[in-house]
Amino acid sequence: MNPHKTTRLLKAFGFLMILILSIASCKKAEKPNIIWIFSDDHSYQTIGAYGGRLQDINMTPNLDKMAAEGMRFDKCYVENSICAPSRATLLTGKMSHMHLKYNNKKNVVFNHDQQQFQKILGQNGYQTAMIGKIHLDGKMQGFDYWEVLLGQGSYMNPIFLSDDGEKQYEGYTTDIIADKSLEWLKGKRDESKPFMLMVHNKAPHRPWIPKREHMKMYDDITIPEPANLHDDYATRGAAAHQQELSILDNMNLDRDLKMTKQDNEYFRKVGIDDRFDSRREKYKDLDLEGEELTKLKYQIYMKDYLRCIWSVDENIGRIMDYLKESGLDKNTIVMYSSDQGFYMGEHGWFDKRLMYEESFRTPLIVKWPNVIKPGSVNTDMVQNIDFAETFLDLAGVAIPEDMQGKSIVPLLKGKTPNDWRESLYYHYYEYPGAHNVLGHEGVANKQFKLIRFYGTDVPNGEEWELYDLVKDPSEMNNIYGNSDQQSKVVEMKDELKKLKKQYKVDQNEIPQ
Ligand SMILES: [Ca+2]
């Protein structure tokens, strides 16, 4: 063959190959992988990137890095601040009254047959995996691979449920969940397909059991207290007075704080009892009460909680390291959030449930290489009803009309739509129940929050509170009855009515 002709043919072949490869890589870039890392009860106050009173304590270096390389959401909220309903919302993109897992109680069952985002992703070429705490009884549906903690799960030697039944593993649960996630990433997935991996921690849920290696962390420091640690609930209604969220009155010295030797069968059973011996020795003659006891309990609670967070963060680092070394990081979106927020001593409380900011709000950090501007901060109002829609949108899949949230993909691209929502609806149903928090619903925008408590244990069956979040970010001053606020009350009640119509909230206080 003519050598010129051969060269021309070779050149043409080379050009064709480059074209095919670039088309293939473009195609691949259209379908990103998604890793959703979720924790249970992780407050935004205990993530370094969120600043605040704890910002000088180095708590979360890996999450902080994710925020520095991605986007931090400062106004991300839940629609019902409690574990199981929040996960049902995550899977369905619907509020509690629509997916009907509206409280944590066993007799209110999550119907796995209903529409869930992972089923739709699976039908559209994605491979889906769910590893860790889901807190919805029964077998998962729509995941190619799933291994979930039984119920609440345990900090040590956890039992996992999968298609193969129950199996117990030895070790610290936060580590095991990351181990399993890495195993799936490295060897169990089909590398020809884009994937959605859910990594769901049990930590830092009560009873806050740190890994043995982390027991001495934060020992030498005093954790800054919130200004309202000794709140007297003046101006607040029945709910704030009757709650059982108090560090002083409701956080116990044995299982919660491990300060006494009583009732520790659980600890013996999982082989961690000796972890707390020195603490028990130190406090065996404890003789404190009132504010002094609150302060001591606060320190012990916060340190155990932060030690649990350290494990969560350390394991996020392991996953991020693997993504980088495997090259997967280039086309993988990593998102971090929690099922709700948590009180870190604000109002003298632990736990969640109430619509006050620290439990209503939840962290959200997203890293999306080459799309999100590193170090960006978003202050649009987003809610956990948006997550399922966002996953579908990221995968280029149409969002079903009956999902109730909105994709945050435009926000991630730095282009908030002009008609983005300006207010949020909230509803907590679990009353009577653990922690004695009254049933309530409410509406919040960026400046005001109106809450309606209801039920037979509320004076006159209904009690309202209004807060100006700009003037009073700690919600210490209920201004509902103030004469100069009455037009605001009317405006917020109208907004509440509008949202209830929009989200199809039925008039029954227990969803039907
Ligand atoms: Ca939770």
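Once every DSSP H run of n ≥ 4 in the chain is given -39500 (n - 2.57) and the sum is divided by its residues, what mean residue ellipticity at 222 nm do you get, rounded to the nearest 500 deg cm²/dmol? Each step should come with its number before you reach the end.
Values: 15 runs with 159 residues, N = 512.
The helix contribution divided over the chain gives -9500 deg cm²/dmol.
Quick one: give the max-minus-min coordinate of the C-alpha atoms of the range 214-309 along each principal axis, largest first, in Å.
Projected onto its principal axes, the Cα set of the range 214-309 covers 46, 29, 28 Å.
Filter the trypsin sites (Lys or Arg not before Pro) in the range 193-244 to those in DSSP coil with at most 12 other Cβ atoms within 10 Å of their Cβ, and list the result.
Details: sites: LYS202, LYS211, ARG212, LYS216, ARG236; in loops: LYS202, LYS211, LYS216, ARG236.
Within the range 193-244, the qualifying trypsin sites (Lys or Arg not before Pro) (loop, at most 12 other Cβ atoms within 10 Å) are LYS216.
Specify the angular offset, from 0 to 90 degrees and rounded to the nearest 10, of the alpha carbon long axis of helix 83-92 from the longest principal axis of the alpha carbons in the chain.
30
Determine how large the accessible area of THR294 is when every protein chain is in place; take a 1.4 Å probe and give Å² rounded to the nearest 10.
Counting only protein heavy atoms, THR294 exposes about 10 Å² to solvent.
How large is the Kirkwood hydrodynamic radius of the range 391-482, in angstrom, based on all distinct alpha carbon pairs? Show your work: numbers first, answer last.
On the way: mean 1/r = 0.0620 Å⁻¹.
Evaluated on the range 391-482, it is 16.1 Å.
Loop-only trypsin sites (Lys or Arg not before Pro) in the range 35-76, please: DSSP not H, G, I, E or B, and at most 11 other Cβ atoms within 10 Å.
Values: sites: ARG53, LYS65, ARG72, LYS75; in loops: ARG53, LYS75.
Answer by residue number: there is no such site.
When a/c is below 1.5 the answer is rounded, else prolate if a/b is larger than b/c, else oblate, so apply that to the range 17-166 with a ≥ b ≥ c taken from the square roots of the Cα gyration tensor eigenvalues. Show your work: numbers first, answer last.
On the way: a/c = 1.75, a/b = 1.08, b/c = 1.62.
Judged from the Cα gyration tensor, the range 17-166 comes out oblate (a/c at least 1.5, b/c at or above a/b).
Sorted by packing (mean other beta-carbon atoms within 10 Å per residue), highest first, where do 349-356, 219-226 land?
Working: 349-356: 26.5, 219-226: 13.2.
Top to bottom by mean Cβ count within 10 Å: 349-356, 219-226.
At 0.36 nm per residue, and after removing the present C-alpha to C-alpha distance, how many nm does the segment from ASN460 to LYS75 gain when stretched out fully?
Numbers: separation 385, 0.36 × 385 = 138.60 nm, distance 3.32 nm.
Full-extension gain reported as 135.3 nm.
Are there trypsin sites (Lys or Arg not before Pro) in the range 414-512 that DSSP marks as loop and that have at most 14 other Cβ atoms within 10 Å, and which are they? All intermediate terms of the calculation are to be shown ahead of the outcome.
Details: sites: LYS415, ARG421, LYS446, LYS449, ARG452, LYS471, LYS488, LYS493, LYS497, LYS498, LYS500, LYS501, LYS504; in loops: LYS415, ARG421, LYS446, LYS471, LYS504.
Of the trypsin sites (Lys or Arg not before Pro), the ones in loops of the range 414-512 whose Cβ has at most 14 other Cβ atoms within 10 Å are LYS415, LYS446, LYS471, LYS504.
Which of the three applies to the range 255-369, rounded, prolate or oblate, going by the alpha-carbon gyration tensor with a ≥ b ≥ c and a/c under 1.5 meaning rounded?
The shape class here is oblate.
Probe of 1.4 angstrom, ligands and nucleic acids ignored: what's the accessible area per residue over the chain, in square angstrom? Each step should come with its number before you reach the end.
Working: 21630 Å² over 512 residues.
Ligands and nucleic acids excluded, the figure is 42 Å² per residue.
For GLN55 and ASP277 in one chain, what is 0.36 nm times their gap in residues minus the Cα-Cα distance, to one decimal in nm?
Details: separation 222, 0.36 × 222 = 79.92 nm, distance 3.01 nm.
Answer, rounded to one decimal: 76.9 nm.
Of all DSSP beta bridges in the chain, what percent run antiparallel (nearest 5)?
Numbers: 35 of 62 bridges.
Of those bridges, close to 55 percent are antiparallel.
What is the helix-to-structure angle for 173-183, meaning the angle in degrees between its Cα long axis and the longest Cα principal axis of the chain, kept from 0 to 90 and rounded to the nearest 10?
Approximately 10 degrees, to the nearest 10.
For the chain, what is the charge dipole size about the Cα centre, in debye to the nearest 20, if Lys and Arg each add +1 at the Cβ and Asp and Glu each add -1 at the Cβ? Mind dumping the intermediate values first?
Numbers: 67 positive and 76 negative charges, 510 e Å.
Computed about the Cα centre, the dipole is about 2460 debye.
How much of the DSSP beta bridge set in the range 71-189 is antiparallel, as a percent to the nearest 5? Walk me through the numbers before you get to the answer.
On the way: 8 of 12 bridges.
Bridges in the range 71-189 that DSSP calls antiparallel: roughly 65 percent.
Can you give the extra length, in nm with one decimal, that the chain gains between ASN124 and ALA398 once fully stretched, where that is 0.36 nm per residue apart less the Cα-Cα distance? Walk me through the intermediate numbers first.
Working: separation 274, 0.36 × 274 = 98.64 nm, distance 0.99 nm.
The span from ASN124 to ALA398 would gain 97.6 nm if fully extended.
Suppose R0 equals 30 Å. What FRET efficiency, 1/(1 + (r/R0)^6) with r the Cβ-Cβ distance, do LYS139 and ARG212 give to the nearest 0.05? Don't skip to the end; give the middle numbers.
Details: r = 34 Å, r/R0 = 1.12.
Calculated value: 0.35.
How do 475-482, 365-372 rank on mean C-beta neighbours within 10 Å, highest first?
On the way: 475-482: 17.5, 365-372: 19.5.
Ranking the peptides 475-482, 365-372 by packing returns 365-372, 475-482.
Pop out the carbon and sulfur fraction of the accessible area of the chain as a percent, whole number, probe 1.4 Å. Don't skip to the end; give the middle numbers.
Numbers: 10920 of 21630 Å².
Exposed carbon and sulfur together represent 50 percent of the surface.
Ranking request for peptides 99-106, 167-174: highest mean number of other beta-carbon atoms within 10 Å first, then the rest in descending order. Each step should come with its number before you reach the end.
Numbers: 99-106: 19.0, 167-174: 16.4.
Highest-to-lowest ranking by the protection proxy: 99-106, 167-174.
Looking only at the range 115-172, where both bridge partners belong to it, what percent of the DSSP beta bridges are antiparallel (to the nearest 5)?
On the way: 8 of 12 bridges.
Of those bridges, close to 65 percent are antiparallel.
Rounded, prolate or oblate, given the Cα gyration tensor of the range 77-188, with a/c below 1.5 counting as rounded?
Values: a/c = 1.92, a/b = 1.26, b/c = 1.53.
Oblate shape, in that a/c is at least 1.5 and b/c is the bigger or equal ratio.
With r defined as the distance between the Cβ atoms of THR416 and LYS106 and R0 fixed at 45 Å, what FRET efficiency is calculated, to the nearest 0.05?
According to the calculation, E is roughly 0.65.
The values are calculated or read from the model by the stated rules, or taken from the named source; none is laboratory data. This one's a predicted model, so the numbers in the text were calculated from it and none came from an experiment. Cβ coordinates were reconstructed from backbone atoms using ideal geometry, including for glycine residues, and neighbour counts include every protein chain displayed. Accessible surface is based on the protein model in full, side chains and every heavy atom, while ligands, DNA and RNA are left aside. Shrake-Rupley method; radii C 1.70, N 1.55, O 1.52, S 1.80 Å.
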